[in-house]
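The values are calculated or read from the model by the stated rules, or taken from the named source; none is laboratory data. Here the structure is a predicted model, which means the values were calculated and not measured. Glycine gets a Cβ as well: all are built from the backbone with ideal geometry, and neighbour counts include every protein chain shown. Just the protein is used for accessible areas: all its heavy atoms, side chains included, with ligands, DNA and RNA removed. Shrake-Rupley method; radii C 1.70, N 1.55, O 1.52, S 1.80 Å.
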Amino acid sequence: MIGDTSILFQIAGIGIIVAMIHTILKQMGKEEYAQFVSLVGFIIVLLFVLNSISDLFQEIRSVFFYKG
């Protein structure tokens, strides 16, 4: 749904978790792993956003191409 705010909380949660893991790994000297974790977090969030955009286009299509 367009007005659903749960996706915002999911994205924020993923961002917080990724930031914590990134900071811990960077302090341990594992900067390559920290960058990899950030990249994986970005891809997960991107998939959430693409799914929401796909749902939005499906709703727009159903509004304009209604076959009743």
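Assuming charge only on the beta carbon of Lys and Arg (+1) and of Asp and Glu (-1), the dipole of the range 23-68 about its Cα centre is about 100 debye to the nearest 20. For the chain, the longest principal axis of the C-alpha atoms and the axis of helix 6-27 are separated by about 20°.
Ligands, DNA and RNA left out, the 1.4 Å accessible surface of the chain is 70% carbon and sulfur atoms.
Which angle from 0 to 90°, rounded to the nearest 10, does the C-alpha axis of helix 31-64 make with the longest principal axis of the chain? The two axes meet at around 10 degrees.
A 1.4 Å probe run over the chain, with the rest of the protein chains in place, finds 86 Å² accessible per residue.
In the list (i) 17.2, 62; (ii) 11.1, 34; (iii) 16.6, 51, the label attached to Rg and Dmax of the Cα atoms in Å as derived from the coordinates here is (i).
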